[in-house]
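S.K.: Here it is, the structure, as structure tokens.
What follows draws every value from the coordinates through simple rules; no lab data is involved. All figures in this text were calculated on a predicted structure; none of them were measured in a lab. Here the Cβ positions follow ideal geometry from the backbone for every residue, glycine too, while neighbour counts run over all protein chains shown.
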Amino acid sequence: MDKLSIEGGVRLEGEVCISGAKNSVLPILAATLLTDDACIIKGVPELRDANTMIKILRSLGKNAEFEKGVVTVTAGKSNNFVADYKLVSTMRASFCVLGPLLGKLKKAKVSLPGGCVIGIRPVDLHLKGIRALGADINIESGYVTAKATRLKGAHIYLGGVYGSSVLATDNVMMAAILADGKTVIECAACEPEVVDLAEFLIKMGAKIKGHGTPVIEIEGVRHLHGASHTIIPDRIETATFMIASLITQGNITIKNACVGHLGAVIDKLEEAGASISITDNSLKVRFKKQLNAVNITTLPYPGFPTDAQAQIMALMSVTRGISVITEKIYPDRFMHVAELNRMGAHIQREGPHAIVDGVNGLSGAPVMASDLRASACLVLAGLAAKGKTSISRIYHLERGYENLEDKLQRLGARIWREKE
Ligand code: UD1
């Protein structure tokens, strides 16, 4: 297995180009199950998770080719409706094949994804929504089986204990498109990736209104056709590079960024004292002066994204003052705290809060990545630390960051891969 080694302390400077959004690509690839026509998806990042979704599509009978950022999906010889445990267990987002399979074939059998290190992550909201559309649902031997002779539009409140759910909104929206009549999803997730999926579905012939707001309305149609679509830029990758610039006291210009998706992140970094200039689809993030600690609470979009919580904690760990970071989406998403403390950070966890007392500097250490965004946090900490940091289990990073080492090397970072 490979590990990533970083010799920290280099100011990062230069330009970086953001890849397509992982969280858009996955449901959009799943949506191709709704038609037998060809679909062409452009701007697809070379990520382990995108490749897993392609494998799932093939296992469900589709032909799917991935070349130079373009995935072409066409009908195969047969339609399989069973998404196997082996694939689904490697990536929770695979569960979003349930909605399109049920919508198109009126039956689906999808392995339950299980929990992961960031929390229990139930799927009750997905099942509530799909049941409301008239499907019979059975859970047996670790699989969800959903069946319906026909699906019927419904008024569905999809809020849970932690607010809206991104993938449950995606799943229910995809199941409702070929249902009879009108569906209203209340407390729908407003994330830009849900909007991107809805835009793709509209290109396929779906009738959707209100995406990007908490109330989505879907008028069922009989048939969807093929479509071509380009994936939006990844806002979490963008946030990660913004923080990389600040934590290394650098000066990075970030190209192909969707600035409109980053309001909460820009606001917090500016509050801390960062200099951020914005032009169309690029951001210049410059360290001008010592930053000050800020408090952060993660919330559903447009609030501060939970997927950037670990990265901003790395920044706060070397920022003057005390920062209280509150996690409102995944109260247990703090696996990175202990690893940051091993590098010299002063962070105390109190339930869903982390109290970060900024130190003057971190020192490089061997650390272990526990999940995707915690890995990014450790890379950022390693870039800022004195001496060498080695990060094990970097396959997590490959799930969600395209060419991260290469992009960082071009900005001047001393980062390389080694065999463990
Ligand atoms: C998506 C993102 C993930 C991000 C998360 C929150 C993808 C592929 N993944 O995950 O990167 O961290 O949104 O922004 O888009 N919940 C329930 N019941 C459910 C579903 C969710 O209680 O049926 C809870 C979750 O445990 C969590 C909260 O709702 O506390 C939000 O989770 P959700 O938005 O569903 O996350 P995902 O869509 O799985």
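S.K.: Report, by chain and number, residues whose modeled amide H sits under 5 Å from the one on residue 250, excluding near sequence neighbours (fewer than 5 apart, same chain).
M.R.: 12, 287
S.K.: What's the ranking of 13-24, 36-47, 353-364 by average number of surrounding C-beta atoms within 10 Å, highest first?
M.R.: Output ranking for 13-24, 36-47, 353-364: 13-24, 36-47, 353-364.
S.K.: So, one more: How far is the Cα center of segment 121-139 from the Cα center of segment 364-408, in Å?
M.R.: 37
S.K.: Hey, which aspartates and glutamates would be in cross-link range of residue 128, C-alpha to C-alpha under 19 Å, not counting anything within fewer than 8 residues on its own chain?
M.R.: Within reach: 136, 140, 170, 180, 186, 217.
S.K.: If you plug each phi of segment 413-420 into the Karplus form 6.51 cos²θ - 1.76 cosθ + 1.60 with θ = phi - 60°, what whole-Hz ³J(HN,Hα) values come out, in order, with x for Gly and Pro?
M.R.: Each residue of segment 413-420 in turn: 5, 9, 9, 8, 9, 9, 7, 6 Hz.
S.K.: Obtain the nm distance between the two label points defined at residue 202 and residue 36 by a simple spin-label model: each point lies 7 Å from its Cα along the Cα-to-C-beta direction.
M.R.: 2.8
S.K.: Could you tell me the distance between the Cα centroids of segment 54-110 and segment 144-179, to the nearest Å?
M.R.: That distance is 18 Å.
S.K.: Same structure, new question: With label points built 7 Å along Cα→Cβ from the Cα atoms of residue 215 and residue 414, find their separation and express it in nm.
M.R.: Output for this residue pair reads 5.9 nm.
S.K.: To continue, here is another question. Kindly flag which residue pairs out of 22/388; 55/106; 152/207; 42/328; 288/328 have an alpha-carbon separation exceeding 24 Å in this structure.
M.R.: The pairs that break the limit, which is 24 Å between Cα atoms, are 22/388; 42/328; 288/328.
S.K.: Using +1 at the C-beta of Lys and Arg and -1 at the C-beta of Asp and Glu, which of 74, 292, 383 has the Cα lying farthest in the positive direction of the dipole of the chain?
M.R.: 74
S.K.: Which part of segment 41-58 falls in the paramagnetic zone of residue 82, meaning amide N under 16 Å from the point 7 Å along Cα-to-beta-carbon?
M.R.: 56-58
S.K.: Among 260, 277, 61, whose Cα projects farthest towards the positive end of the dipole of the chain, with charges put on the beta-carbon of Lys, Arg (+1) and Asp, Glu (-1)?
M.R.: 61
S.K.: Relative to the Cα centre, what is the charge dipole magnitude of segment 22-221, using +1 at the beta carbon of each Lys and Arg, -1 at the beta carbon of each Asp and Glu, and rounding to the nearest 20 debye?
M.R.: 480
S.K.: With the dipole of segment 22-221 worked out from charges on the C-beta (+1 for Lys and Arg, -1 for Asp and Glu) around the Cα centre, which of 111, 158, 132 lies farthest toward the positive end?
M.R.: Among 111, 158, 132, the one farthest towards the positive end of the dipole of segment 22-221 is 111.
S.K.: Which of rounded, prolate, oblate describes the chain, given a ≥ b ≥ c as roots of the alpha-carbon gyration tensor eigenvalues and a/c under 1.5 marking rounded, otherwise prolate only if a/b is larger than b/c?
M.R.: Because a/c hits 1.5 or more and a/b exceeds b/c, the chain counts as prolate.
S.K.: I've got another one for you. About the Cα centre, and with charges only on the beta carbon of Lys, Arg (+1) and Asp, Glu (-1), how big is the dipole of the chain? Nearest 20 debye, please.
M.R.: Charge dipole, the chain, about its Cα centre: 460 debye, nearest 20.
S.K.: Show me 405-415, 71-81 ranked by packing, highest mean number of other Cβ atoms within 10 Å first.
M.R.: Descending packing order for the listed peptides: 405-415, 71-81.
S.K.: For segment 255-353, state which trypsin sites (Lys or Arg not before Pro) are in a DSSP loop and have at most 14 other beta carbons lying within 10 Å of their beta carbon.
M.R.: 288, 289
S.K.: Percent relative contact order of the chain, based on C-alpha pairs within less than 8 angstrom and at least six residues apart?
M.R.: 21
S.K.: For segment 243-294, just say rounded, prolate or oblate: build the C-alpha gyration tensor, square-root its eigenvalues into a ≥ b ≥ c, call rounded for a/c under 1.5, and beyond that prolate if a/b exceeds b/c, oblate if not.
M.R.: Judged from the Cα gyration tensor, segment 243-294 comes out oblate (a/c at least 1.5, b/c at or above a/b).
S.K.: Which whole-Hz ³J(HN,Hα) couplings does segment 297-311 yield from phi under the Karplus relation 6.51 cos²θ - 1.76 cosθ + 1.60, θ = phi - 60°, glycine and proline marked x?
M.R.: Calculated HN-Hα couplings, in order: 10, 7, 8, x, 4, x, x, 5, x, 4, 6, 10, 5, 5, 5 Hz.
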